Amino acid sequence: MNTLADTKKPINIKRKIVGYSIANAANDTEEKLPPTLDKKRFEMEDIRRPDQLRGSTYKVQSPVLESALYITINDILIEGDGDPYYRPFEVFINSKDMSHFQWIVALTRVMSAVFRKGGDVTFLVEELGSVFEPSGGYFKKGGKFVPSIVAEIGEVLKTHLTTLGMIKSELSPEQAAFISEKRASMDSGAESSSEYPANATLCKKCNTKAVVMSGGCDTCLSCGNSKCQ
C-alpha cells in the first residue's frame, strides 16, 4: 500500500521560506500561504531616505529639566496609486541638559525604527503617555497634568500625527463651538496667569485643570468632556 509520502514528488523551492503549515491529507493540493502583512509596511521598508525631508520642531519646557527639549519629527512623502501623503520617518531630540541623554537617544532610535517599519504608528502615543515619573508627574502652564517627560514626548507625537491626519481631532465642530460658548460665558474680564479659570478642577479625560460649572453642568474647557452633551 502506497503512503502519502510515496506519491509525493520532490519540490524544488526557489523562494525564501517565510512560513509553513501542516498539510491536510484530504486536500493536500491546496496551497498554504503565510498570513499577509500590511502592504504599506513593506513599502516603507523599501524606501531609502532622501537627502531632504520635511520636518517640524517642537519646544518642550518641563519643570523637571534644566533646559528645554527640542523635538524634531521629519516626514517622508509617500507617492503611490492614490493621493500622495506624508507620514513620520524619523525623530530627533536635542537639549542642553545632558542628564537624560542616554535614554533619549535610545528612545528616538526605537521610535524612528517603528516609523520606518510602516503600518499604524499611532499606538506609540498611548504607550508613551502611560509612562509615569516616580515623583508623580507635574502640571504644565495652563493646568495640564503630565505624568512624565516621556508622556510629554508622546503628547508632541500626538500633535504631529494629528496634523498629518493620522489621528483624528478629538473635538468635532459642534464640540469646539460648545467650548467656545462656555469659555465666553465664563469670561469675567479678570486677568489670570492660566488659560482657564483659577477655580477650575482637573478633568479625568484630558488631565487638564479646565473643568468648570456652567449652566448647572461640569464642563471641561479643554477637551469638551461634559455630561450635558
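The values are calculated or read from the model by the stated rules, or taken from the named source; none is laboratory data. Only a predicted model underlies this, so the values are computations on that prediction, with no experimental measurement involved. Glycine also receives a Cβ, built like all others from the backbone with ideal geometry; neighbour counts cover every protein chain displayed. The area values use the complete protein model at the heavy-atom level, side chains included, leaving out ligands, DNA and RNA. Shrake-Rupley method; radii C 1.70, N 1.55, O 1.52, S 1.80 Å.
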Hits in the range 111-133 - residues which are within 19 Å of Ala68 (Cβ to Cβ) and open to solvent by 30 Å² or more (accessible area, probe 1.4 Å): Glu133
Hits in the range 134-150 - residues which are surrounded by fewer than 20 Cβ atoms within 10 Å (Cβ to Cβ) and in contact with a Gly (Cβ under 8 Å, 6 or more places away or on another chain): Phe145, Pro147
Those residues of the range 47-77 which are among the aliphatic types (A, V, I, L, M) and modelled with pLDDT of 90 or more, in sequence order: Leu53, Val60, Ala68, Leu69, Ile71, Ile73, Ile76, Leu77
Residue that is surrounded by the most Cβ atoms within 10 Å (Cβ to Cβ), among those in the range 152-173 that are of a type in the set (Gly, Ala, Ser) and modelled with pLDDT of 65 or more: Gly154
Residue in the range 96-110 that is part of a strand (DSSP E or B) and open to solvent by 30 Å² or more (accessible area, probe 1.4 Å) present: no
Total residues in the range 111-145, condition in a loop (DSSP other than H, G, I, E, B), closer than 16 Å to Met166 by Cα and touching a helix residue (DSSP H, G or I) at 6+ places or on another chain (Cβ under 8 Å): 4
Which numbered condition Glu90 fails, given (1) acidic (Asp, Glu); (2) closer than 27 Å to Lys209 by Cβ; (3) surrounded by 14 or more Cβ atoms within 10 Å (Cβ to Cβ): (2)
Gly55, sole failed condition from (1) within 30 Å of Ser222 (Cα to Cα); (2) open to solvent by 20 Å² or more (accessible area, probe 1.4 Å); (3) assigned to a helix (DSSP H, G or I): (3)
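Residue by residue, here is whether (1) modelled with pLDDT of 80 or more; (2) of a type in the set (Ser, Thr, Tyr) holds:
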residue	(1), (2)
Val150	yes, no
Gln175	no, no
Phe178	no, no
Ser185	no, yes
Cys206	no, no
Lys209	no, no
Gly215	no, no
Asp218	no, no
